[in-house]
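S.K.: My structure is below; once you've seen it, I'll send some questions.
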Amino acid sequence: MSAETSADSTPSPAPLRLHVGSGSARLEGWVNMDYQDLPGVDVVCDVTRGLGFSDAEAVFAEHFLEHLALADAVNFLEECHRVLAPGGWVRLSTPNLEWVWHTHYRLDMTVDEKRRAALRLNRAFHGWRHQFLWNQDFLTEALTAAGFDLVRWCRYGESELPVFQGIERHEIYSDSSDLPHVLIVEARKGEPRADLLVRLRDRIDGDYVIHLTD
C-alpha cells in the first residue's frame, strides 16, 4: 500500500501550504494568494482581512511584509500564527533596512552625491508601494510577540525544511553574509504571547502610528 493512501485507498489530503502575495510567481502545490486577479493566483483576497484557512503546514510570503502598514503587518504575523497547524512554519523575505541605509547614504558624500542619494534612499522607503522597512531585531521582536519561536535567519533558497528549499523567485542584488540586502526568516508556531503583543502594539502606537497624518 502506498504511503499516500489510507486503508480504504482514499488518497491522503495534501498538506496545506499558503503562498501569500504570490503575484504571478505561482508555486505548484501551494495555495497562491494575491489581491490582484493575476494568472496563477488561486485565491484573490485582501489578506489584511484574514487568510481564511486553518491548519496549514507552511506560510510563505516573499517581498510582501514591506507593503503592509506597520499595524497591518503585525496583524498579519498574528494571522499567520493562527492559520498554522501546531508546529507549522512561516518563511518571510523583506528588504533589510540596515542594508538600504548602509548602501544608499553616507555623510561623507559630496553635495551632488547626497542629492542623488536622497532620492534613492527615499525611493527604497516609499517606492514600489513600500510602507515599512524592517531590520532583523525588530522583525524578531514582532515574530516573537506574535507567538513564534525558533526564529532563524536563512540565505536565499536555503532552508533546513524541504518545503522551503529553493522557493524564492525575487531578483537578488550584491550583498555580503554579514549585511544581506534581504532578510529571510523562518519561525515555528509556538505558544501565543498576548503580553508581548500588547506591549509591541503600544510601542508602535506611541512611537510611530500616532505621528502619522493623513
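The values are calculated or read from the model by the stated rules, or taken from the named source; none is laboratory data. Only a predicted model underlies this, so the values are computations on that prediction, with no experimental measurement involved. Here the Cβ is made from the backbone with ideal geometry for all residues, glycine too, and neighbour counts use every protein chain on show. Remember, those area values only see protein heavy atoms, side chains included, never the ligands or the DNA or RNA. Shrake-Rupley method; radii C 1.70, N 1.55, O 1.52, S 1.80 Å.
S.K.: Restricting to the range 185-209, name every residue that is assigned to a loop (DSSP other than H, G, I, E, B) and either open to solvent by less than 20 Å² (accessible area, probe 1.4 Å) or of a type in the set (Phe, Trp, Tyr) (or both).
M.R.: Within the range 185-209, 190, 208 qualify.
S.K.: Starting from residues that are open to solvent by less than 30 Å² (accessible area, probe 1.4 Å) and not polar (S, T, N, Q), keep the ones in the range 1-30 and report whichever is modelled with the lowest pLDDT.
M.R.: 23
S.K.: Applying the selection to the range 152-184, what residues are among the aromatic types (Phe, Trp, Tyr) and part of a loop (DSSP other than H, G, I, E, B)?
M.R.: 156, 173
S.K.: Looking at the range 31-55, which of the residues that are among the β-branched types (Val, Ile, Thr) and over 17 Å from residue 82 (Cα atoms) is most open to solvent (accessible area, probe 1.4 Å)? Working first, answer last.
M.R.: Residues of the range 31-55 among the β-branched types (Val, Ile, Thr): 31, 41, 43-44, 47-48.
Next cut, over 17 Å from residue 82 (Cα atoms) only: 41, 43-44.
Values: 41: 23, 43: 43, 44: 77 Å².
So the residue we want is 44.
S.K.: Still on this structure, please answer the following. Going through the range 157-185 one residue at a time, which ones are in contact (Cβ under 8 Å) with a residue 40 or more places away in the chain, over 18 Å from residue 97 (Cβ atoms) and out of contact with any Gly (no Cβ under 6 Å at 6 or more places or on another chain)?
M.R.: 159, 161, 163, 164, 167, 169
S.K.: Give the range 67-96 a look and list any residue that's touching a helix residue (DSSP H, G or I) at 6+ places or on another chain (Cβ under 8 Å) and farther than 14 Å from residue 185 by Cα, or say none.
M.R.: Correct list: 67, 68, 70, 71, 72, 73, 74, 75, 76, 78, 79.
S.K.: Out of 101, 153, 134, which single residue is surrounded by 12 or more Cβ atoms within 10 Å (Cβ to Cβ) and touching a Ser or Thr at 6+ places or on another chain (Cβ under 7 Å)?
M.R.: After applying the criteria, what remains is 134.
S.K.: Based on this model, can you work out whether residue 92 counts as of a type in the set (A, V, I, L, M) and not in a loop (DSSP other than H, G, I, E, B)?
M.R.: For residue 92, the condition - of a type in the set (A, V, I, L, M) and not in a loop (DSSP other than H, G, I, E, B) - is met.
S.K.: Could you give me the residue pairs with C-beta distances under 9 Å whose first residue belongs to the range 186-214 and is closer than 18 Å to residue 70 by Cβ, whose second residue is open to solvent by 80 Å² or more (accessible area, probe 1.4 Å) and in a helix (DSSP H, G or I) wherever it lies, and which are 6+ apart or on separate chains?
M.R.: Qualifying pairs under 9 Å: none.
S.K.: For the range 26-70, enumerate the residues that are on the phi > 0 side of the Ramachandran plot, out of contact with any His (no Cβ under 6 Å at 6 or more places or on another chain) and in contact (Cβ under 8 Å) with a residue 60 or more places away in the chain.
M.R.: none
S.K.: Residue 79 is checked against (1) free of Cβ contacts under 8 Å to residues at least 60 places away in the same chain; (2) open to solvent by less than 60 Å² (accessible area, probe 1.4 Å); (3) of a type in the set (D, E, K, R); (4) outside any helix (DSSP H, G or I) and fails just one. What number does that condition carry?
M.R.: Among (1) free of Cβ contacts under 8 Å to residues at least 60 places away in the same chain; (2) open to solvent by less than 60 Å² (accessible area, probe 1.4 Å); (3) of a type in the set (D, E, K, R); (4) outside any helix (DSSP H, G or I), the lone unmet condition for residue 79 is (4).
S.K.: Same structure again: Suppose we keep only residues that are more than 22 Å from residue 24 (Cα to Cα) and modelled with pLDDT of 95 or more within the range 159-184. Which one would you say is least open to solvent (accessible area, probe 1.4 Å)?
M.R.: The extreme case among them is 159.
S.K.: Any residue in the range 139-149 that is open to solvent by 40 Å² or more (accessible area, probe 1.4 Å) and more than 15 Å from the chain's Cα centre (by Cα)?
M.R.: Yes; the residues of the range 139-149 include at least one that is open to solvent by 40 Å² or more (accessible area, probe 1.4 Å) and more than 15 Å from the chain's Cα centre (by Cα).
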